[in-house]
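Shown next, in structure tokens, is the structure this report addresses.
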Amino acid sequence: MNNAVAGFSKLSKKEKINWIANEYFSTPDEALNIIRNYWNSDEKLQQLHDEFIENTITNLYIPLGVAPNFLINGNYKTIPMAIEESSVVAAASKSAKYWATRGGFKATVIDTEKIGQVHFTFNGDAQKLKEFFTEIKSKFFLDTQSITKNMQQRGGGILDIHLKDKRDLLDNYFQLHATFETKDSMGANFINSCLEQFATTLKEEAQNADLELQVIMSILSNYVPNCIVRAEVSCPVEDLTEKHIPNPQDFAQRFVQAVQIAEVEPFRAVTHNKGIMNGVDAVVLATGNDFRAIEAGVHAYASRNGQYSSLSHAKIENGIFTFWLEIPLALGTVGGLTSLHPLVKLCLEILQKPSAKELMEIVAVAGLAQNFAALRSLTTTGIQEGHMKMHLNNIINQFEANEEERHLIKVHFKKTAVSHSAVVEFIENLRK
Ligand code: MEV
């Protein structure tokens, strides 16, 4: 059994890694070597990363790739993607190329409203509370002026505040439901600061008015059903050429059916949407945004009608194939990691310093492209063909194959199905 440790956060980095190595490894020196191997040789850069979180011991690398040739609203973009899954960047690039010759991607931001709530309980006269709220509503705006000043200069701020009676859900439960516009910042700090001030104002004013209420908590919501972007591709069905299905009409129909299955069948919808999130998360991470917030919000949106369903849709109408998705994305291109992490800054420069709205469009397109690539494979060859090609590379690397071995393996597995054991056997035979 391992020991608990007191005051770990106060230990030096050296003491921390020594404790980890001695506590959990039979060969501590090997563990220390791995940890140190992933330190950046530039001490200042390492320190920057150390300070992002507490108790940093080293860095976990995730590859940062790029998918070029994305034609979005008439402009070409190269999309940076941070992801460990081997086939994602290749799939994105393939989709980008496919649609670049068929009109490209169209993306539109529908709305950018963010949400935050002050949750509180009150067991007095609800009518009195309503009147009290109407009376003091302007005070919420007044008391947050020092917080909202800069945001207002940038065209954002608090949009509105509502009192909501939630007693049908929970005894005595009410909330202040506030909406915000945060322009190019994701706005978490701004919203939470406003909300905490609302809570203070609410408590003070209630006391003055002899109303007894108890604030439980104040926090933004990561569910942003009015912060929505739409991405779309469309082309005449006859342009939907696909080498594995000679008749474009057949391909289009099968594709639409695959989407319809994800619309009605939650087991399929989850995997379908996971494929969309392969693209979304990779760009969200590369641009320094909070992928947990995005994931939580997107999946809540996928269940908004009471059953988890597909985020994307497809149709054939008057000979035109259209494939689109709508997702909630609360993203920022200023503040937070976007100004701190050198690689995040670099990625935003590759994207030509987009506004938050432009980034919403790019991320949605990456999701749609990924979904298109997955469905294209699934409805034609199956996904294993592409996956195993990438998997083959990973096995080759794992066995540290030399140039000649690499060549022989690749030639052999062009004609033979890839499986882990088949590749291992082939390498072992080569090396006999
Ligand atoms: C794998 O990461 C994603 C897919 O399973 C998505 C899908 O099934 O649509 C290929």
Consider the stretch 212-237. How many of its residues are buried (at least 17 other Cβ atoms within 10 Å of the Cβ) and more than 30 Å from GLY74 (Cβ to Cβ)? 7
Qualifying residue in the stretch 302-323 (condition: assigned to a helix (DSSP H, G or I), more than 29 Å from PRO246 (Cβ to Cβ) and within 16 Å of the ligand (Cβ to nearest atom)): yes
Can you find even one residue in the stretch 82-89 that is of a type outside the set (S, T, N, Q), in contact with a Gly (Cβ under 9 Å, 6 or more places away or on another chain) and on the phi > 0 side of the Ramachandran plot? no
Return the residues of the stretch 177-191 that are over 15 Å from PRO354 (Cβ atoms) and open to solvent by 20 Å² or more (accessible area, probe 1.4 Å); say none if nothing qualifies. HIS177, GLU181, ALA188, ASN189, PHE190
For LEU240: the one exception among (1) in contact with a helix residue (DSSP H, G or I) (Cβ under 8 Å, 6 or more places away or on another chain); (2) crowded, with 19+ Cβ neighbours inside 10 Å; (3) farther than 22 Å from THR108 by Cβ; (4) not assigned by TED's automatic domain parsing to the domain that holds LEU285: (4)
Does the stretch 330-337 contain any residue that is open to solvent by 40 Å² or more (accessible area, probe 1.4 Å), not small (Gly, Ala, Ser) and not in a strand (DSSP E or B)? yes
Qualifying residues in the stretch 243-275 (those that are among the charged types (D, E, K, R) and touching a strand residue (DSSP E or B) at 6+ places or on another chain (Cβ under 8 Å)) - the one least open to solvent (accessible area, probe 1.4 Å): GLU263
Only one residue in HIS299, HIS272, HIS313 is at negative phi and either in contact with a Phe, Trp or Tyr (Cβ under 7 Å, 6 or more places away or on another chain) or in the same structural domain as ASN150 (by TED's automatic domain parsing) (or both), so which one is that? HIS313
Residue list for the stretch 269-291, filter: free of Cβ contacts under 8 Å to residues at least 40 places away in the same chain and either more than 12 Å from the ligand (Cβ to nearest atom) or more than 15 Å from ALA364 (Cα to Cα) (or both): VAL270, THR271, PHE291
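Within the stretch 131-156, how many residues are of a type in the set (Ser, Thr, Tyr), buried (at least 18 other Cβ atoms within 10 Å of the Cβ) and assigned to a helix (DSSP H, G or I)?
Looking only at that region, the number is 1.
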Go through the stretch 94-106 and count every residue that is within 16 Å of the ligand (Cβ to nearest atom) and open to solvent by less than 50 Å² (accessible area, probe 1.4 Å). 1
So LYS315 passes all but one of these: (1) buried (at least 24 other Cβ atoms within 10 Å of the Cβ); (2) under 29 Å from TYR223 (Cβ atoms). Which condition number does it fail? (1)
Hey, can you tell me all the residues within the stretch 73-92 that are within 16 Å of the ligand (Cβ to nearest atom) and either open to solvent by less than 40 Å² (accessible area, probe 1.4 Å) or over 19 Å from the mean Cα position of the chain (by Cα) (or both)? MET81, ALA82, ILE83, SER87, VAL88, VAL89, ALA91, ALA92
Where in the stretch 157-260 are there strands (runs of 3 or more DSSP E), lying fully within it, with 1 or more residues that are over 20 Å from MET360 (Cβ atoms) and of a type in the set (Lys, Arg)? 157-165
List the pairs whose first member sits in the stretch 139-166 and is closer than 16 Å to THR201 by Cα, whose second member is assigned to a loop (DSSP other than H, G, I, E, B), and whose Cβ atoms are under 8 Å apart, counting only residues at least 6 apart or on separate chains? ILE158/THR144
Return yes when LEU375 is assigned by TED's automatic domain parsing to the domain that holds HIS272 and in contact (Cβ under 8 Å) with a residue 12 or more places away in the chain and no when it is not. yes
Take the conditions closer than 30 Å to ALA252 by Cβ and either outside the structural domain of ASP184 (by TED's automatic domain parsing) or under 19 Å from the mean Cα position of the chain (by Cα) (or both) and apply them to GLU403. Does it pass? no
Okay, helices (runs of 4 or more DSSP H) sitting entirely in the stretch 343-432 with 3 or more residues that are within 16 Å of the ligand (Cβ to nearest atom) and open to solvent by 10 Å² or more (accessible area, probe 1.4 Å), I get 356-378, 384-398
Condition first: touching a residue at least 40 places away in the same chain (Cβ under 8 Å) and over 18 Å from LYS183 (Cα atoms). Now tell me which residues in the stretch 334-345 satisfy that. LEU340, HIS341, PRO342, LEU343, VAL344
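The values are calculated or read from the model by the stated rules, or taken from the named source; none is laboratory data. The shown structure was predicted, so the numbers you read here are calculated from the model rather than taken from an experiment. Please note: Cβ atoms are built from the backbone with ideal geometry, for glycine as well, and neighbour counts cover all protein chains shown. Heavy atoms of the whole protein, side chains included, go into the accessibility calculation; ligands, DNA and RNA do not. Shrake-Rupley method; radii C 1.70, N 1.55, O 1.52, S 1.80 Å.
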